[in-house]
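Everything below concerns the one structure shown next.
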Amino acid sequence: MNKDEIVYYLKTTSEEEKKYLFRRADEIRETYCGNEVHIRGIIEFSNYCIRDCTYCGLRKSNRKLHRYRMTIQEIFEVAKKAKEMDFKTVVLQSGEDPYYRIEDLCLLTEKIKTELNLAVTVCIGERTREEYRMMREAGADRYLLKFETSDPVLYARLKPDSSYENRFRCLEWLRELGYQVGSGNMVGLPGQTIESLAEDILLFKELDLDMIGIGPFIPHPDTPLRNTKTGTLDMTLKVLAITRIVTKNTHLPATTAVGTIDLFGRQKALQCGANVIMPNVGPQRYRKDYQIYPNKICIFENADHCHSCIEEMIESLGRTVSSGFGHSLKMRMKDSTAICRKYLSSRIISR
Ligand code: SAH
């Protein structure tokens, strides 16, 4: 699809055309990714953040939020629990919190990799190239850093204390370092046009991402964007479906945000392109405070419940729960993952 076609489908109100789009995305998902759904357990280990993004409830100026940090040991214990529950991947996510020294995060990653044999995805925002390198050497497989919007003017408004260029520089470093790279956007941001969403999709393709997270924007009452509108399910599903059609074998999660705006949002997403789901595995007591947006689902549940609920959801759709790590489906990754493994084992042997 070229930009005009993408814009056309993003604008369409015809039920017939939407049905066609979603069916096509579902077929392409089946052809390129199969019927397996990969489950990744998210550990939201700190809600401290040095940034002031206007959309996010974790922004540093939000004085109403009760802040918490998990210790490295606590994070490891959660990963252990995830392993016992049969998760294959843990996602270490937080606000941008320099309190955590990279050396400690490396030790944690190495311990999770060697003792638990889980795949590790890191999602802790912008760090230096050296820090990314150290994490990769410690065994981190994947990194998730959403560019949020491809529109530099909108970006500057949303992230007034961040640099658009640096975000993309980080993505480039992550690629060079051999990570499986995930990025993504938000749909329905105030001031975002259909054309700019089409540009997001074209950029997903250009960056040849291994994973793309697409979620609706949900205004948070304690942020400057409190009086704006929530992104719609309709537009989020269209962006997701077109992204599947355009990028073919990329991992696409049915995001928690889409499940927050619609009771069956994640099921619908899984039926129009998504092949990944990322439930929370963290302790229940912290969940209500990881409030990037309001009314986030599953904050009163515990990890066991979330895992079985997700399994049931996958099976009810006639799909299967993946038993593998769910690494990138792009060919290139095979080499860099192998290179990293070799590096990791040489490090372990040499100590
Ligand atoms: N600090 C990390 C992790 C951010 S939280 C980073 O910068 O990468 C993970 C994602 O939540 C963000 O990338 C953003 O896309 C999403 N998010 C934040 N606030 C949101 C909101 N109000 N509505 C919807 N999604 C939001």
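The values are calculated or read from the model by the stated rules, or taken from the named source; none is laboratory data. Model, not experiment: these values are computed from the prediction. Cβ placement follows ideal geometry from the backbone for every residue including glycine, while neighbour counts extend to all protein chains displayed. Keep in mind that these areas ignore ligands, DNA and RNA; they rest on the heavy atoms of the full protein, side chains included. Shrake-Rupley method; radii C 1.70, N 1.55, O 1.52, S 1.80 Å.
A single entry from I292, I314, I310, I297 fulfils the requirement of being assigned to a loop (DSSP other than H, G, I, E, B), hydrophobic (A, V, I, L, M, F, W, C), open to solvent by less than 70 Å² (accessible area, probe 1.4 Å) and at pLDDT 95 or above: I292.
Would segment 244-266 turn up any residue that is in a loop (DSSP other than H, G, I, E, B), away from the ligand (no atom under 14 Å from the Cβ) and surrounded by 24 or more Cβ atoms within 10 Å (Cβ to Cβ)? Yes, the conditions are met somewhere in segment 244-266.
If we keep just the residues of segment 207-223 that are hydrophobic (A, V, I, L, M, F, W, C) and in contact with a Leu (Cβ under 9 Å, 6 or more places away or on another chain), which is nearest to the ligand (Cβ to nearest atom)?
Among those residues, the one meeting the criterion is F217.
When segment 67-89 is filtered for residues that are buried (at least 19 other Cβ atoms within 10 Å of the Cβ), of a type in the set (V, I, T) and either within 15 Å of the ligand (Cβ to nearest atom) or more than 18 Å from the chain's Cα centre (by Cα) (or both), the ones remaining, listed by number, are I75, V78. Remark: T223 matches the filter, which requires a residue to be buried (at least 18 other Cβ atoms within 10 Å of the Cβ) and more than 17 Å from N185 (Cα to Cα). Which of (1) buried (at least 24 other Cβ atoms within 10 Å of the Cβ); (2) assigned to a helix (DSSP H, G or I) does E206 not meet, given it meets every other one? Among (1) buried (at least 24 other Cβ atoms within 10 Å of the Cβ); (2) assigned to a helix (DSSP H, G or I), E206 violates only (1).
Among the residues of segment 229-242, is there at least one that is within 11 Å of the ligand (Cβ to nearest atom) and open to solvent by 10 Å² or more (accessible area, probe 1.4 Å)? Checked segment 229-242: at least one residue is within 11 Å of the ligand (Cβ to nearest atom) and open to solvent by 10 Å² or more (accessible area, probe 1.4 Å).
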